[in-house]
Each structure stands twice: as C-alpha cells, then as structure tokens.
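The values are calculated or read from the model by the stated rules, or taken from the named source; none is laboratory data. Given the structure is predicted, the values throughout are model-derived calculations rather than measurements. Positions of Cβ are generated from backbone atoms using ideal geometry, with glycine treated the same way; all protein chains shown enter the neighbour counts.
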Amino acid sequence: MASFKNDFGLSGKLGDVIIYRMGNKSYARRTFRANNPKTIKQQEVRARFLVAIRFYQKLKETSLRRILKVSAQGNSFNGYTFYLEKNMKVFCADGRIGDFSQLQFSAGKRQRAFHLRGQIDLEGRVLLQWEKVGGRGFVEDDDRLMVVVLHEGRAFCPRVLENTGGVRKDGMASFRIDGWKGETLHLYCLFISPDEKQLSMSQYVRLQGRK
C-alpha cells in the first residue's frame, strides 16, 4: 500500500490497482494479494506507480492539466486516470522514464501530422516540419500547434509551449527553446482546434543533443 497526494478525491479501481481514501489521505493497493505482499515484483509495481504520480504532480502545474481533461472525454473518468492508463508502464521503479517515445499527453479525433520531423540549431531554435494535407477550406487547417518539452537529465520539469506560432496549414513551426544547454530534447506535439475542444494525439520528436 502506498499513500499519495490526491487533489481530485479520486477513488475506485484502475486496472489491478484500487485507490481509496482514509481520512485526509489517499492510498493505492493491488487487488491481488499474494502470500508475500513484499515480493520484488510487487515492490517494483508500487515504486513505478509512485514515480508516475510524481511526474503527474509536475504536469498538473502546467496547461497540460486542461489538455488531459479534454483528452479524457469519452475515454476515461478524468484527466488523471487518462494519464495513468496511457503512461503507467512507461516509468521505471528507479525513478526514470523508461522510453520517452511512449509517453502520451493527449488523445482526440483531430488529424495527426504526416511525416513530422524536427531539428535544432546551435542557438536553440527548433524547426518542426510536416506534410500539408487537405487543401483549400480543410476544416482543420487553422488548428494550432502546442509542444511539450522534456529536457534529457531533467525530464521531471516539463515545459509547455502553447504559442509556438505554428498552424497546421503552414506545414512548419519555428520557435526557440530558452535555457537549452545542448542536451537531447524530447518533444510531444499536438494540434488544438480553434475552440480548444478538439485535439490530436500527441506525436513524439527527438532532437539529438550536441556535444
């Protein structure tokens, strides 16, 4: 059993984990109880769960809290459960993100970018490019680009770039990453409809660091 901060008053079952409250604290435990509840396997599961929650605590301090909430509509109970369902297995028991490419921050019916690619220059300016689709009057042409940035080595300090200046119909976006020190960057790109009610699934782009 592990206790954690639960701002939503969340309770119930998520996979084989039960979340419940006692007094002012929230707890999580697995539904299956083995003879030895402190096996290495079970300790690893609990550790990964706590790492996932620690990362979420950072996410909710950004506008991603709203994005997760929109993504959950029709899919999950709320943004928090959507986040856990999509990302729980990405984290390692030792506190690392096991595979950056598997993190997912949004879901929706808006079109994902075709052939999305990126590069960064020595000054920290990023260029993202994608293939233009649709054509004149395409309903999703004016969707704007949002980017989540994770820096290698300080991945638990996510940054959200809401105003990249990128619009789907442009086929490109250029923006600067302030404070970049040459480390590898992990970008998660998503498109948002003008009314902010529709999203695309986030797409991963890795920008190799410079030695």
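Scan the stretch 189-196 and give yes if some residue there is under 24 Å from SER71 (Cβ atoms), touching a residue at least 60 places away in the same chain (Cβ under 8 Å) and part of a loop (DSSP other than H, G, I, E, B), otherwise no. The answer is yes; a qualifying residue exists. Residues that are in contact (Cβ under 8 Å) with a residue 60 or more places away in the chain and within 13 Å of the chain's Cα centre (by Cα) do not occur anywhere in the stretch 110-126. Residue under question is ASP142, and the condition is that it be among the acidic types (Asp, Glu) and either in a strand (DSSP E or B) or more than 18 Å from GLY108 (Cβ to Cβ) (or both); does it hold? No. Within the stretch 153-188, how many residues are farther than 29 Å from VAL51 by Cα, without any contact (Cβ under 8 Å) to a residue 40 or more places away in the chain and in contact with an Asp or Glu (Cβ under 7 Å, 6 or more places away or on another chain)? So the answer is 2. Do the conditions hold for ASN78, that is, is it surrounded by fewer than 18 Cβ atoms within 10 Å (Cβ to Cβ), closer than 22 Å to VAL147 by Cα and not assigned by TED's automatic domain parsing to the domain that holds ARG159? Against the criterion (surrounded by fewer than 18 Cβ atoms within 10 Å (Cβ to Cβ), closer than 22 Å to VAL147 by Cα and not assigned by TED's automatic domain parsing to the domain that holds ARG159), ASN78 qualifies. With respect to GLN111, determine if the residue is modelled with pLDDT of 95 or more, of a type in the set (S, T, N, Q) and either touching a helix residue (DSSP H, G or I) at 6+ places or on another chain (Cβ under 9 Å) or not assigned by TED's automatic domain parsing to the domain that holds ALA47 (or both). It is false that GLN111 is modelled with pLDDT of 95 or more, of a type in the set (S, T, N, Q) and either touching a helix residue (DSSP H, G or I) at 6+ places or on another chain (Cβ under 9 Å) or not assigned by TED's automatic domain parsing to the domain that holds ALA47 (or both).
To keep it simple, each residue is scored yes or no on (1) modelled with pLDDT of 95 or more; (2) within 30 Å of ASN75 (Cα to Cα); (3) crowded, with 20+ Cβ neighbours inside 10 Å; (4) not assigned by TED's automatic domain parsing to the domain that holds GLN73.
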site	(1), (2), (3), (4)
VAL147	yes, yes, yes, yes
LEU150	yes, yes, yes, yes
GLY153	no, no, no, yes
ARG159	yes, yes, no, yes
THR164	no, yes, no, yes
PHE175	yes, no, no, yes
TRP180	no, no, no, yes
CYS189	yes, yes, yes, yes
MET201	yes, yes, no, yes
